[in-house]
Amino acid sequence: MLKVDSLAKHYGLKQILEDVSFQVEQGEVVGLVGENGAGKSTLLHLLATLTAPETGSIAYQDLNYQKNIREIRKKIGFIPQDIAIWEDFSVKENMVFFEQLSWVKKSEQELRQLCQDMKLDEWKTKTKSLSGGMKRKLNIAISLIHDPAILLLDEPTVGIDLKSRREIGTYLYNLAKKQGKIVIYTSHDMEEIVTYCDRVYCIGQDPFYQELLEEKGILVQKL
Amino acid sequence: MKQIFSTRWLHWRKQWLSLIIWLLLPIIATLMVVTIANQWQEETVIPIGLVVEDDTTMANDLVQAIYDTELIRVHQMEREQALTELEQHELDSVFVIEQGYMDKIKTNDRKKVITAYVSDMSIAYTPVKEAIASYVQQDAGASRAAYTLDAMATHYNTKPTWTWNEIVATSNQIKQEEALLDTDFSFNQQAKQHQENKALSLWNVWGIWSVFAFLTTFFLFDWVIKEKQSAIKVRLSLLPISFKGYLVRNGLLYGGLLLLSDLINMSLLSLYTGQTIDRNQVLAIIVFRFTICLGAFLIAQCFQTSFYYYVSVLPLTLIMAVIGGAIIPIDGLPNKWAWISYFSPMQQLVKSDSLTVWSIILLVVFFIWYWGKGEKHA
Ligand SMILES: Nc1ncnc2c1ncn2[C@@H]1O[C@H](COP(=O)(O)OP(=O)(O)OP(=O)(O)O)[C@@H](O)[C@H]1O
Ligand SMILES: [Mg+2]
């Protein structure tokens with residue numbers, strides 16, 4: 001269980017998150033929606049230990065984010081909104097690079113399989129010459145190398161074709177349902193949110209998303 | 001560390017050409033500078049006017065000896081023309097072997113065997129005079145009686161309107177030379193000094209090398225900025241080794257690679273200069289390499305974009321080179337303020353010191369950086 005308790009975060013004078021509390025159980029898929037600049041990425045960065053909150057605490061099972069940062073990081077699979085791959089490496093070299101530095105060892109076969117699960121068949125191709133959607137797929141695959149228990153995906157499927165998007169969505173959904181992983185992801189695609197999410201949190205002042213999703217019968221909580 | 005090596009290797013494989021060029025640049029640039037400087041030195045021989053008014057075997061032998069003297073180029077001509085050229089500063093100084101040279105040597109006549117003229121811009125008069133005096137001494141041969149060389153020096157003003165006659169009129173007779181024994185002694189001293197200069201120039205090879213090594217190290221360390229600013233930083237921050245750990249280990253790897261290339265450079269340079277390298281110098285190179293890698297690493301931490309980093313590296317190199325006396329060793333700043341050179345790592349290398357202010361300061365800064373804030377949430 002991931003437990004978030006009265007988080008606050010500001011950048012400069014700008015208060016981004018204020019008194020944010022929620023809980024996510026193992027095996028849950030949780031969506032984060034909100035307008036641009038609402039603070040979705042900021043929240044995911046907090047959950048990924050990439051920034052520290054001013055107040056509040058986060059804990060995963062019995063691991064405290066402040067005290068057990070190493071153990072927490074081992075469990076985190078963070079898929080950044082900005083594609084984070086080495087542009088002059090091939091798909092294979094990117095996977096091998098991060099596998100070498102990763103928490104676990106994987107064989108080349110396993111790494112390749114992971115890419116194929118993301119519907120990325122290219123292997124020796126330079127990532128520079130991949131399409132935008134293909135790079136997105138690689139961006140997800142790299143983050144899954146160490147079998148993380150908590151998946152934090154920041155708009156992972158932008159620009160990925162509809163068919164692949166469904167297959168990746170199903171794959172991630174199954175990770176949650178079959179292996180009890182926690183999946184938290186942001187998206188502006190409401191159809192995707194409706195299809196895969198058990199629950200949805202809405203960040204920001206604009207009630208637009210909340211109304212839209214409640215019309216579709218999805219339970220939306222405001223953070 | 002094995003993982004760091006294999007992941008860095010992936011990068012190096014892509015950049016092998018530029019990497020090799022950067023690694024070879026210090027030695028290639030140094031050899032180029034040294035070769036050009038040597039050539040230039042060979043070309044800048046001192047032009048001397050020689051007027052021979054005595055046509056005897058002894059005088060001719062003396063002329064031959066003067067021709068054979070290193071670093072001077074002899075122009076033999078009439079006295080009047082020689083003085084005109086001296087006035088126009090085409091000649092550094094003029095020496096006249098006076099009529100009756102042989103007779104005077106034989107009869108041990110001290111007066112006016114050789115007359116010398118100098119201008120106010122002569123730079124090589126004294127060493128050349130002493131060289132000639134030593135040849136004359138050889139001519140004086142068996143008779144070991146004290147003997148002096150009289151010389152006349154004419155100080156030309158830069159005013160080109162002066163006529164030859166005026167110059168002669170205002171010319172002063174150069175002071176009586178000291179006893180030949182003395183002259184001989186001072187000539188030896190000159191020779192000794194010359195040798196020292198040569199040794200200094202060999203060390204200057206290291207000074208020049210250190211400047212290029214400094215520059216290339218800073219340019220090679222731009223990976224720190226690139227990786228710190230890239231989107232990948234997010235991934236690197238979540239690794240078992242923290243982001244700082246990742247940077248430090250890669251910095252060590254770069255340091256090792258550069259040190260390896262230094263040792264190769266060192267052997268090549270020692271082959272070139274014929275100078276053997278002792279343990280102190282190897283130690284000095286290791287400390288130098290460590291210091292500048294650490295410096296480049298920490299300075300790169302302060303920059304957000306590579307461009308401003310590159311722009312700052314050039315003046316930094318220049319300042320370090322000048323205060324370290326790596327490029328202008330004689331009459332440079334370090335001669336005025338000795339302490340200033342302690343602030344340059346080049347000085348440490350040139351002097352083969354193994355401990356420097358910089359290595360200590362940088363180590364302290366490094367530990368402040370490493371244990372400082374941002375370690376957890378890199
Ligand atoms: N490093 C930072 N420094 C200062 N302000 C920041 C920083 N990161 C984000 N912000 C600000 O915080 C606010 C929230 O940004 P965030 O990226 O979390 O929004 P978001 O909900 O993910 O938006 P989007 O849908 O566009 O991805 C924005 O106003 C942004 O300008
Ligand atoms: Mg965002």
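The values are calculated or read from the model by the stated rules, or taken from the named source; none is laboratory data. Everything numeric in this text was worked out from a predicted model, so none of it was measured. Virtual Cβ from ideal backbone geometry, glycine too; neighbours counted across all protein chains shown. Accessible surface is based on the protein model in full, side chains and every heavy atom, while ligands, DNA and RNA are left aside. Shrake-Rupley method; radii C 1.70, N 1.55, O 1.52, S 1.80 Å.
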If you add up the charges near A:D82, with Lys and Arg at +1 and Asp and Glu at -1, over every other residue whose beta carbon is less than 12 angstrom from its beta carbon, what do you get?
+2
For the range A:83-147, what Kirkwood radius comes out of the mean inverse Cα-Cα distance, in Å?
11.3 Å
Relative contact order for chain A using alpha-carbon pairs under 8 Å, separation at least 6, rounded to a whole percent?
28 percent
Between B:R79 and B:L268, what is 0.36 nm times their sequence separation minus the Cα-Cα distance? Round to one decimal in nm.
63.0 nm
Under a point-charge model restricted to the Cβ atoms of Lys and Arg (+1) and Asp and Glu (-1), what is the dipole moment magnitude of the range A:83-147 relative to its Cα centre, in debye to the nearest 20?
160 debye
Would you be so kind as to identify which of B:T56, B:Y101, B:L10 lies farthest towards the positive end of the dipole of the range B:1-115, taking Lys and Arg as +1 and Asp and Glu as -1 on Cβ and the Cα centre as origin?
B:L10
At a cut-off of 40 Å², which residues of the range B:226-242 become less accessible once all protein chains are present than in their chain alone, using a 1.4 Å probe?
B:A231, B:I232, B:V234, B:R235, B:L238, B:L239, B:P240
Write down the Å³ per residue value for the convex hull defined by the alpha carbon atoms of the range A:1-126.
148 Å³
Estimate for me the total accessible surface buried between chains A and B (protein heavy atoms, probe 1.4 Å, no ligands or nucleic acids), in Å² to the nearest 100.
2600 Å²
Using a 7 Å offset from the Cα along the Cα-to-Cβ direction at both B:W9 and B:D103, what is the distance between the two label points in nm, to one decimal?
8.9 nm
Along principal axes, Cα extents of chain A, largest first, whole Å:
46, 41, 37
Per DSSP helix of 4 or more residues, -39500 (n - 2.57); summed, then divided by the residues of chain A. What does that give at 222 nm, rounded to the nearest 500?
-10500 deg cm²/dmol
